[in-house]
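The values are calculated or read from the model by the stated rules, or taken from the named source; none is laboratory data. Model, not experiment: these values are computed from the prediction. Every residue, glycine as well, gets a Cβ built from its backbone with ideal geometry; the counts of neighbours run over all protein chains shown.
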Amino acid sequence: MNTTKADVSLSSSRRGGIGSLIRRRPETITFALLVTICVAVSIANPAFLQPSTLIDIGRSSVVMGLFALGVFVILAAGGIDVSFTAIAAFTMYSMTLLVQTYLPGTPMILIILMSMLGGVALGVINGLLVHHLRVPSLIVTIGTQYLFRGFLLSFIGTVWIMSLPPQMGAFGRMPLLQFETANGATVTLPFYFLVLPAAAILTWWILNRTLMGRAIFAVGGNASIAERLGYSLRTVHLFLFGYAGALAGLAGIIHVCANRQANPFDLVGTEINVIAAVVLGGARITGGTGTVLGTILGVLLIVVINSVLVLVGIPSTWQRLVVGSFILLAAAFFVTRQPKK
């Protein structure tokens, strides 16, 4: 069989087109991997794609998704934050204790806003330290992670709050969608699920339609050049960490309402899963790249992987091994797909 030059050219063009698409939109491989896993698992166990399972995945994605959006914004600017779980724990426990003890009739919307403001305040501390100390944000946020948690456990409390204020419990139970399954069980998609798509849209708008978004990617590309072009690194750092802190505060109060208890020891150790989701979504640790869609797909991928591993009875220690393997494979893939200089 003879192969013409036109056939070779067309084949090369197709390969180049796919490679170019992956380089420009690395989240496509995340989406393909997510679909592949869902199809394979649904073939092995058709119950996986039942509405109840999908709703469980959606509900499990909210808190991690809010964390991941904050991490992604900082990562896009070339930084990294590991203190977001400490900020969430600090704000959620402090706010629950405050409302329960001193402000029992506070409306839920005000509780959410105060939690976000508390997160902003702690995030701004991170931003100021990163800017003025001129050290990598990873080092700063490791320190503030211990600082925030230490202050919480030493001066605010260590006792689980098992009985939430009524408005917080009601918010956690408020249904957005509710139905009965064939076996009579009631499945509920909570109202707070809407917070994640709203936060994703807001984050997308900030990064793609504002000057601040342009500044974030410019700083992630090269901070020195961005500063020479007139971008204020101090303003960018304060916004980055303040915004991530607001999302962490929001995630914390939703976590409390969803679980109907406030535990100051909660969320410890979940940082790796969140950072993994952002990396698997196509964002590079070096900054300057990534998308909100990729971040959400990365979150869904991590949640689906964990759900599948639980479904087949894999121990939690092996779950970490699988997630770590995915991170290494994704990092290797994205590095090999980067254009050569």
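For the reader, a short list of remarks on this structure follows.
- The residues of the stretch 301-317 that are at pLDDT below 75, part of a helix (DSSP H, G or I) and within 26 Å of Leu49 (Cβ to Cβ) amount to a single one, Ser316.
- The set of residues in the stretch 97-128 being part of a loop (DSSP other than H, G, I, E, B) and among the hydrophobic types (A, V, I, L, M, F, W, C) consists of Leu103 alone.
- Residue within the stretch 247-258 that is in a helix (DSSP H, G or I) and touching a strand residue (DSSP E or B) at 6+ places or on another chain (Cβ under 6 Å) present: yes
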